[in-house]
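Heads up: the structure comes next, in structure tokens.
The values are calculated or read from the model by the stated rules, or taken from the named source; none is laboratory data. Computed from a predicted structure; not experimentally measured. Reconstructed Cβ throughout: ideal geometry from the backbone, glycine too, with neighbour counts over all protein chains shown.
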Amino acid sequence: MTTETQAVVLITGASSGIGLAAAQLFAQRGWRVAATMRNPSDGAQLAAQAGVTVLAMDVTDPASVNAAVAATLEKFGRIDALVNNAGYGLFGPFETATDEQIRRQFATNVDGIFATTRAVLPAMRKQGSGAIVNVASIGGLVTLPFFSLYHATKYAVVGFTESLSFELAPLGIRAKCIAPGGVATDFAGRSLVRTFGDGGNAYSDTLNKVTAAISERRAGYSSPESIAEVIYRAATDDTGQVMYAAGQDAEQIFHLRQSLPEAERLAVTRQRSGL
């Protein structure tokens with residue numbers, strides 16, 4: 001990789017939360033940052049930070065992705081790291097999810113990563129170096145009730161990243177996967193879409209228990225800044241490590257998955273979910 005004062009990172013979903021914290025951190029460490037978001041007006045304050053350029057990108061629109069990558073290469077001449085952070089959660093019974101909700105969940109969380117990764121790879125191959133850092137979730141390794149579609153996308157990201165790491169390594173390109181646990185962002189607000197309405201349904205009793213259990217644990221969530229530190233470490237890590245658990249809860253859950261038999265692990269999940 002080039003020296004940090006010359007290195008360039010492109011970050012998706014940089015208007016808030018983890019993406020915003022990552023953009024600020026990379027800039028503070030001397031990187032040149034292409035911070036992308038659907039509405040560049042949301043990044044006015046970020047754009048004022050030295051070394052940061054805010055660009056429009058909708059990861060569900062291949063033309064938008066290609067335009068933002070081209071603009072980054074035109075301005076900086078290279079891309080040393082891609083941080084695929086854009087995404088959102090879909091919560092609720094699978095049965096009540098609409099076809100459009102399912103398509104949009106995968107279009108953003110999975111297809112968007114495919115599009116941005118494919119767009120930057122030619123430049124990274126030419127350089128003979130680079131890092132693809134995909135922000136998945138601890139929800140790509142373990143599950144909770146009523147996040148079935150979100151988990152499906154994050155499991156896809158984990159599998160994609162690990163497999164990609166093998167094929168890119170001979171080209172000098174590293175693929176990394178970040179698995180945050182709970183993060184104190186607006187994930188439960190604008191970044192969380194429900195598959196159900198306000199009226200009752202067959203799942204209401206279980207939904208209420210799970211929602212209450214999730215709410216009780218929010219006080220222990222990690223800060224976006226702490227997750228950004230893990231992203232930065234992964235982007236600058238030349239080792240063969242692919243998976244990075246991010247946050248104390250993620251590290252604990254990751255350990256439980258590796259150490260507990262399936263029946264015990266599932267029992268812990270039911271208990272933690274209020275079931």
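Suppose we filter the range 109-122 for residues that are surrounded by fewer than 20 Cβ atoms within 10 Å (Cβ to Cβ) and either closer than 30 Å to residue 95 by Cβ or touching a strand residue (DSSP E or B) at 6+ places or on another chain (Cβ under 9 Å) (or both); how many remain? Full working, then the answer.
Keep residues of the range 109-122 that are surrounded by fewer than 20 Cβ atoms within 10 Å (Cβ to Cβ), which gives 110-111, 114, 118, 121-122.
Filter once more, keeping what is either closer than 30 Å to residue 95 by Cβ or touching a strand residue (DSSP E or B) at 6+ places or on another chain (Cβ under 9 Å) (or both): 110-111, 114, 121.
Qualifying residue count, the range 109-122: 4.
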Query raised in the report: (1) loosely packed, with under 15 Cβ neighbours inside 10 Å; (2) assigned to a helix (DSSP H, G or I); (3) at pLDDT below 95: which one isn't true of residue 210, the others all being true?
Result: (1)
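Condition test on residue 65, is it closer than 23 Å to residue 122 by Cβ, touching a helix residue (DSSP H, G or I) at 6+ places or on another chain (Cβ under 6 Å), assigned to a helix (DSSP H, G or I) and of a type in the set (A, V, I, L, M)?
Numbers: closer than 23 Å to residue 122 by Cβ: yes; touching a helix residue (DSSP H, G or I) at 6+ places or on another chain (Cβ under 6 Å): yes; assigned to a helix (DSSP H, G or I): yes; of a type in the set (A, V, I, L, M): yes.
Considered against the rule, which asks whether it is closer than 23 Å to residue 122 by Cβ, touching a helix residue (DSSP H, G or I) at 6+ places or on another chain (Cβ under 6 Å), assigned to a helix (DSSP H, G or I) and of a type in the set (A, V, I, L, M), residue 65 comes out as yes.
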Query - Tally, over the range 213-258, of residues that are within 23 Å of residue 155 (Cβ to Cβ), in a helix (DSSP H, G or I) and among the hydrophobic types (A, V, I, L, M, F, W, C) - result: 11
Query raised in the report: Going through the range 11-20 one residue at a time, which ones are buried (at least 24 other Cβ atoms within 10 Å of the Cβ) and either in contact with a Leu (Cβ under 9 Å, 6 or more places away or on another chain) or not β-branched (Val, Ile, Thr) (or both)?
Result: 11, 12, 13, 14, 19, 20
Query raised in the report: Residues 202, 213, 234: which one is closer than 18 Å to residue 134 by Cβ and not hydroxyl-bearing (Ser, Thr, Tyr)?
Result: 234
Query raised in the report: Among the residues of the range 1-10, is any crowded, with 24+ Cβ neighbours inside 10 Å, assigned to a helix (DSSP H, G or I) and either at pLDDT 95 or above or not acidic (Asp, Glu) (or both)?
Result: no
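Can you tell me how many residues in the range 132-162 are aliphatic (A, V, I, L, M), outside any helix (DSSP H, G or I) and surrounded by fewer than 24 Cβ atoms within 10 Å (Cβ to Cβ)?
So the first thing to find is which residues in the range 132-162 are aliphatic (A, V, I, L, M), and the list is 132-133, 135-136, 138, 141-142, 144, 149, 152, 156-158.
After this cut, where a residue has to be outside any helix (DSSP H, G or I) as well, the list is 132-133, 135-136, 141-142, 144.
Filter once more, keeping what is surrounded by fewer than 24 Cβ atoms within 10 Å (Cβ to Cβ): 141-142, 144.
Qualifying residue count for the region: 3.
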